[in-house]
Amino acid sequence: MEINGVEVEDTFAEGFPIKVARVLITAVTERWALVAAREATGFGTSVIGCPAEAGIECVVGRDETPDGRPGVYIQICNMNYKNLENSLLYRIGQCVLTAPTTAVFNGLPEAEKQFDTGKKLKFFGDGFQQERMYCDRGVCVIPVMSGDFVVEEHIGAVDGIAGGNFYIMGQNQASALMAAEAAVGAIDRIRGVITPFPGGVVASGSKVGSRYKFLMASTNERFCPTLRGEGICTLPEDINASYEVVINGMDREAIEEAIRVGIKAACTVPGVVKISAGNFEGKLGPHHFHLREILG
């Protein structure tokens, strides 16, 4: 299969189960909602070494938020619900409560799993906190130096998928990076997914395991062009740089759509040679995203 002359390899991306919480942050302006969202999703690229995987899902206007202010949806992901609950408490408490004019609402009010995040954060109010109805939602109100911080009593979570991905392989670093940027730009318009790595782009593709027993993951040497002279890199001569786009989401359909639009956007950039994906022969997780099937 080819798209605009770019080969799409007959392979699959391998995802694994993860727990996903969805949080809506609002503020007096979009800028401050984004400031809080970026803080709350920092150090959230991979559970290989981060306490959570996290990212910004989308920015929404005043007509899509309970309090009629600009908002940002974020996702926070962990391997189990206990760690996810801790991540919500720490990230909202340390990064959103501390940001000017912010409020926090439940992004998954219909989910079966609900954490009492707001009810736990309220104790920061040291006895001056209140529970009340606000915008038809049960919230906790914490007095702060500029007014009140409002946080919904509960934050919902669902069983999601992490690790959906595709590789963009280019003639050089510039073409591969431009294509990755185009792919992430297209994915940013898809609701229900995040691209948790820096700018949505992974420079250091990894493999499961290492020759060192203390490492659970290490560089994927088969895709490192500087190792070509040593006979280790398996890339063809016309590929000199690759980037990976990793996608987490609340359901399979959203991730498939993100892979579809991302690959199509990447293939519009001159110098892109091939699209592939990362898998470990099914040993990492049960969710397999076959590129050619998704692209139709």
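The values are calculated or read from the model by the stated rules, or taken from the named source; none is laboratory data. Fair warning: this is a prediction, and the values are worked out from it, not measured in the lab. When we count neighbours, we look across all protein chains shown, and the Cβ atoms used for this are built from the backbone with ideal geometry, even at glycine.
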> For the range 189-210, what are the residues that are among the charged types (D, E, K, R) and either within 22 Å of Pro270 (Cβ to Cβ) or at pLDDT below 95 (or both)?
Replying inline: Lys207
>> So if I check each of Glu131, Glu152, which one is closer than 25 Å to Val60 by Cα and modelled with pLDDT of 95 or more?
In response: Glu152
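Is there a residue being closer than 30 Å to Glu257 by Cβ, basic (Lys, Arg) and not assigned by TED's automatic domain parsing to the domain that holds Phe223 anywhere in the range 118-127?
Quick first cut of the range 118-127, residues closer than 30 Å to Glu257 by Cβ only: none.
Scanning the range 118-127, I find no residue that is closer than 30 Å to Glu257 by Cβ, basic (Lys, Arg) and not assigned by TED's automatic domain parsing to the domain that holds Phe223, so the answer is no.
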> Of the numbered conditions (1) in contact (Cβ under 8 Å) with a residue 24 or more places away in the chain; (2) among the aliphatic types (A, V, I, L, M); (3) in contact with a helix residue (DSSP H, G or I) (Cβ under 7 Å, 6 or more places away or on another chain), Leu227 satisfies every one except a single condition; which is it?
Replying inline: (1)
